[in-house]
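Quick notes on the structure that follows.
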Amino acid sequence: MKKMLLINAGVVLAALSYSAIAYDGQNCSEPGVCWEPKPGYPDKVAGSKYDPKHDVNELNKQSQSVVEMEARNKKRQEHLAKTGKFVYDVDDIE
């Protein structure tokens with residue numbers, strides 16, 4: 001009796017999970033392109049009330065840190081090639 005109950009519960013759960021996967025609630029123009037703007041959302045975001053108006057300096061912080069990281073890695077690689085010893089702290093490299 002327990003076995004039949006478990007089997008029936010498994011079948012019900014499988015059917016429910018399949019139906020949840022089958023419908024995602026969106027109308028996709030093509031697979032993976034399912035974004036739909038809400039009514040009243042402008043075609044062009046720049047200059048509208050939805051424009052985030054990011055600060056240019058804040059946006060450049062990531063690229064500046066990447067350039068600095070690459071410079072540190074270059075120093076580490078040069079030191080490793082010369083001495084055969086890896087030093088993590090760039091300040092310790094002479």
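For the chain, the longest principal axis of the C-alpha atoms and the axis of helix 56-83 are separated by about 60°.
Stretched out straight at 0.36 nm per residue, the stretch from residue 83 to residue 68 would grow longer than its current Cα-Cα span by 3.1 nm. Pairs of Lys residues in the chain that lie 8 or more places apart, or on two chains, and have C-alpha atoms under 25 angstrom apart add up to 9.
The helix-based estimate of mean residue ellipticity at 222 nm for the chain, built from -39,500 (n - 2.57) per DSSP H run of four or more residues and divided by its residue count, is -18500 deg cm²/dmol to the nearest 500.
One quarter of the convex hull surface built on the alpha carbon atoms of the range 25-92 amounts to 9.6 nm², the projected area averaged over directions. Rounded to the nearest 10 degrees, what's the angle between the helix 2-22 long axis and the longest principal axis of the chain, both from Cα atoms, 0 to 90? Here the helix axis deviates by roughly 60 degrees.
Coordinate-derived values only; no laboratory data. Quick caveat, the model's predicted, so the values are computed rather than measured.
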